[in-house]
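Notes for the one structure printed next.
Readers should treat all values here as calculations from the given coordinates under stated rules, not as data from a laboratory. Owing to the predicted nature of the structure, the values given are computational and were not obtained by experimental measurement. We place every Cβ from the backbone using ideal geometry, glycine too, and count neighbours over all the protein chains shown.
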Amino acid sequence: MKPNDDINLTEQLFTRVKQVLETSQISNSSPVDPQGESEDFIDGSAVRSWYRLLRRPSWAWQGADPVEVEQILARIAMGKGERSHPELLDTIKGYVPGNWVYEWSQQAGGYFKQGRALAEAGRQAEAIETLLKAVRYYSIASYPHLKYDELADQAQLLGNLAYREAGRLFEVPLKEIQVPFRGKHIQGYLHLPTTDKPVPLVMVSGGIDSLQLDYLNFYRKHLAPNGIGMLSLDMPGIGYAEHWPLVQDTSRLHQAVLQYLTDVAWVDHQRIAMVGFRLAGNVAARLAFIEPFKLRTVVCIGAGVNQCFTDPSLFAKCPRMMRDSLANRLGGDASDWELIRTKSQVFSLKKQGLMSTRTSVPILSIGHKRDFICPESDIRALAAASRNGKAVVFDKQPLREVYDKALNETVTWLKQHLCS
């Protein structure tokens, strides 16, 4: 679609709503087990009566208004429509009031329209912030971004459109890169603090339930002020990278991009790093071992690298939404959890033989003591597998504080290795 197209996409997109599957049915055909008590994870909470993990700390960090978040969650909880699972509040079928995609998209659509109007009026700064609010809510509408979730795909399309419109208004306009890979293209958003000279760059990706749209605030608040660029990328099976399933070689897409960056004039290819959240931490660590001459450093935050894939008791702790997200990326059904567990063992970097070696790339490994995806032993083992690596283990702080402290540690580390 052309940038200046005035067609109302919201009206066009959310039309085929009668026969689409509701999100919780897409990659899990099993009935809902009675849920236990609510449980906090490093990046959100598994709350009884909700299918999705509620990621209030990360949504706030990404730019969502906490008051609006609670209002939208309340509308979803009070919805009267038919639910796929009556015991789960966020499973109302169809694009109707109370449906997850509907409620977040309605909020996003208002901001999108307002942001466009502000841009046309020449109120650039206000337009950027308003359009980015639309991006934020469209991304949450699409969450957890399952392949074959038609309503979520439509919200994701609108989120990317709003992101581009905001990006055109940035002081240094947003750039997009297209990296050829096996007959298709890997697409990423390139953010630059300046085009006057090549800049150090950080590749950033998240877990199996996040989009590259989710990391702009990391760039604006932490990287850009330090003269560091950011290239955001989706994980295999997600967003722009949904064409490629998640396989043992989790880093194959990012490796292709890393090699491509050598020819990007705006990037200082001698000063490239990667920050990986959750399973993208597996990608970042893997690249540290297989591309030691192309990466200056990597940061792994709550990374799944070994024990969660090899210890059945840890793997069993995955709540339903996490199970569905993983199965979706593997092209399977979470109802056969034992098969998914068996398939997932290949993601262990220890089983791959990588963590038994030592990389020259310094790794900052950050996590929480009570996190089952990245237990303390994995946090420390990953740091120890690199030259001059560092482990940071949090314990007992509220989730929002953990997020802030993890990012502060990350930025200090990146400045040390990219800007000195």
(request) Tell me the label-point distance for the pair D65, A125, using the 7 Å Cα-to-Cβ offset, in nm and rounded to one decimal. (result) 1.9 nm
(request) Quote the convex hull volume per residue of segment 63-174, based on C-alpha atoms, as a whole number of Å³. (result) 99 Å³
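If you count, for each residue, the other Cβ atoms within 10 Å and average over each peptide, how do 378-386, 63-71, 410-418 line up from highest to lowest? It would help to have the intermediate numbers written out before the result.
Values: 378-386: 22.1, 63-71: 14.8, 410-418: 19.0.
Peptide ranking by packing, descending: 378-386, 410-418, 63-71.
Rounded, prolate or oblate: which fits segment 349-394, taking a ≥ b ≥ c as square roots of the Cα gyration tensor eigenvalues, rounded meaning a/c under 1.5, else prolate when a/b beats b/c?
Working: a/c = 3.23, a/b = 1.36, b/c = 2.37.
Oblate, since a/c reaches 1.5 and b/c is not below a/b.
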(message) Just to compare against my own numbers: the Cα pair-distance distribution for segment 262-420, 5 Å bins, whole % per bin, please.
(response) 2, 9, 17, 21, 18, 14, 11, 5, 2, 0, 0
(request) Straight distance only, please: which aspartates and glutamates reach the Cα of K396 with their own Cα at less than 20 Å, same-chain residues fewer than 8 apart left out? (result) E37, E39, D40, D43, D371, E376, D378, D404, E409
(request) Note the direction-averaged projected area, equal to a quarter of the hull surface, for the Cα convex hull of segment 381-420, in nm². (result) 3.3 nm²
(message) Helix-only mean residue ellipticity at 222 nm, the chain, DSSP H runs n ≥ 4 weighted -39,500 (n - 2.57), per residue, nearest 500. What is it?
(response) -11500 deg cm²/dmol
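As an exercise, find the ratio Rg/Rh for the chain from alpha-carbon atoms, using the Kirkwood inverse-distance average for Rh.
Working: Rg = 20.5 Å, Rh = 21.7 Å.
A ratio of 0.94.
What net charge do the residues around L258 carry, taking every other residue with its C-beta under 12 Å from that of L258, with Lys and Arg at +1 and Asp and Glu at -1?
Details: positive: R252, R286, K294, R296; negative: D263, E291.
Net charge around L258: +2.
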(message) What is the sum of charges, Lys and Arg at +1 and Asp and Glu at -1, for the other residues whose Cβ falls under 15 Å from the Cβ of P31?
(response) -3
(request) Two decimals is fine: what's Rg over Rh for segment 200-259, C-alpha atoms, Kirkwood radius as Rh? (result) 1.00
(request) Given the peptides 164-172, 257-265, 315-323, arrange them by the average over their residues of other C-beta atoms within 10 Å, most packed first. (result) 315-323, 164-172, 257-265
(request) Within the set of other residues whose C-beta is less than 10 Å from the C-beta of P200, count the net charge using Lys and Arg as +1 and Asp and Glu as -1. (result) +2
(request) Could you name the lysines whose alpha carbon sits less than 22 Å from that of K343, not counting residues in the same chain fewer than 8 places away? (result) K147, K317, K351
(request) May I ask for the percentage of alpha-carbon pairs in segment 179-316 that lie more than 20 Å from each other? (result) 44 percent
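Is there a pair in K113/K133; K221/K369; K294/K390; K369/K405 whose C-alpha atoms are over 22 Å apart, and which pairs would that be?
Numbers: K113/K133 11 Å; K221/K369 27 Å; K294/K390 20 Å; K369/K405 14 Å.
Pairs exceeding 22 Å: K221/K369.
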